[in-house]
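**Q** Got a structure for you, questions after.
The values are calculated or read from the model by the stated rules, or taken from the named source; none is laboratory data. Every value quoted in this text rests on a predicted model; they were computed, and no experiment measured them. No Cβ is skipped: glycine too gets one built from the backbone with ideal geometry, and neighbour counts run over all protein chains shown.
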Amino acid sequence: MQMSQLTPLLFASYWCTCGHGGAFRRYGFGAEYDLYAPNYPQDELFLIMGSAFAPQGYAWAFPRGNGRVRLGVGVIHPDNDEDARIYLDRIMRDIPQLAERFKGASPLEYHTGLFPSEGAVPGFSRDGLLLAGDAGGHGSTLVGEGIRFAIYSGQMAGETAAEAIKAGDTSAAYLGRFDQRWRSRFARDMDIAYMINKHIAAYSDAQWDSSLDLLKRLTPAQAAQALRGDFTASLVMGILARNPSLIATGGKRFLDKMLERINKPVAVSAE
């Protein structure tokens, strides 16, 4: 059978490297409860940092309607060798603000998972093969967000696969347009997210305290844009305007690096 007659395969598991390089070595390890929590305000969310509850990672409490709340913690391996599951019950029990809100809560589901935290792989396409989602390193490493970007990349990969079948050409050269489209849309923000992830993963508790003071001075729109991973020059300048003390610290140098990456043209050629 000619390779051009093969239907492209879409992989969404990062355990399959499929000739695209070695296995992922750096990854987030998370554990999470999905709880029914009748006393938890559905308009509040928590992000929790610090060595006592999420060493070299973070914890979260996200309401999702109808009294349901996701409570989780994630740590990065091999930056440390901590077990996220150990910290999960400690967070709900030992943080007073959460203990009150989770009074009477009942766990309905329990999840654990891994998330590749190395950025995108060099190439997403081979003859008859496309990698989308975790397999391509398509999640945002800033906060370990994968589902939204897996959907985006899956849609792009599906469109490319359909075009390839229609054209009767599933060669790497033809399928490489998926690489080009993905990098044109996401490469810059994903690169910056990974740069931030590597920077903050080594934070001490004192550095987190300082950074949280910085976040308090952002507008809700700026904070949401940053967590969403939508990095623009106006966002960086807005952060600096609201935190002039960064000029005299290493924070200004880091923001300059972000601006440099934002202004750098995106290379969209396939591998």
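**Q** Kindly list the number of the only condition in (1) closer than 30 Å to residue 177 by Cα; (2) touching a residue at least 60 places away in the same chain (Cβ under 8 Å) that fails for residue 139.
**A** The one condition residue 139 does not meet is (2).
**Q** Can you run down the residue pairs with Cβ atoms below 8 Å, 6 or more apart or on separate chains, where the first is in the range 108-126 and exposed (fewer than 15 other Cβ atoms within 10 Å of the Cβ) and the partner is not in a strand (DSSP E or B)?
**A** 112/84; 112/85; 122/20; 122/21; 122/271
**Q** Further question: Within the range 130-142, take every residue that is in contact with a Gly (Cβ under 8 Å, 6 or more places away or on another chain) and of a type in the set (A, V, I, L, M) and give me the one that is surrounded by the fewest Cβ atoms within 10 Å (Cβ to Cβ). I'd like the intermediate steps shown before the answer.
**A** If we filter the range 130-142 for residues that are in contact with a Gly (Cβ under 8 Å, 6 or more places away or on another chain), which is where we start, we get 132-134, 137-142.
Narrowing further to those that are of a type in the set (A, V, I, L, M): 132, 142.
On the way: 132: 25, 142: 21.
The residue in question is 142.
**Q** What tally of residues in the range 26-57 results from selecting those that are over 19 Å from residue 141 (Cα atoms) and crowded, with 20+ Cβ neighbours inside 10 Å?
**A** 4
**Q** For the range 142-171, what are the residues that are touching a residue at least 24 places away in the same chain (Cβ under 8 Å), farther than 16 Å from residue 190 by Cα and part of a helix (DSSP H, G or I)?
**A** Taking the range 142-171 and keeping what is touching a residue at least 24 places away in the same chain (Cβ under 8 Å), we get 142-146, 149-150, 152-154, 156-158, 160-161, 164-165, 168-171.
Still in the list and also farther than 16 Å from residue 190 by Cα: 154, 156-158, 160-161, 164-165, 168-171.
Within the range 142-171, 154, 156, 157, 158, 160, 161, 164, 165 meet the criteria.
**Q** Residues in the range 58-103 that are among the aliphatic types (A, V, I, L, M) and exposed (fewer than 15 other Cβ atoms within 10 Å of the Cβ): how many? Talk me through it step by step, then tell me what you get.
**A** Step one: filter the range 58-103 for residues among the aliphatic types (A, V, I, L, M), giving 59, 61, 69, 71, 73, 75-76, 84, 86, 88, 91-92, 95, 98-99.
Cutting the leftovers down to exposed (fewer than 15 other Cβ atoms within 10 Å of the Cβ) gives us 86, 99.
So the answer is 2.
**Q** Quick one: residue 130 ticks every box in (1) in contact with a Pro (Cβ under 9 Å, 6 or more places away or on another chain); (2) in a loop (DSSP other than H, G, I, E, B) bar one, so which box is it?
**A** (2)
**Q** What pairs come out if I take residues in the range 42-66 that are over 17 Å from residue 208 (Cβ atoms) and pair them with residues that are of a type in the set (Ser, Thr, Tyr) and modelled with pLDDT of 90 or more whose C-beta lies under 7 Å away, six or more apart or interchain?
**A** Every condition considered, the pairs that remain are 63/40.
**Q** Another one. Among (1) among the charged types (D, E, K, R); (2) in a loop (DSSP other than H, G, I, E, B); (3) out of contact with any strand residue (DSSP E or B) (no Cβ under 9 Å at 6 or more places or on another chain), where does residue 100 come up short?
**A** (2)
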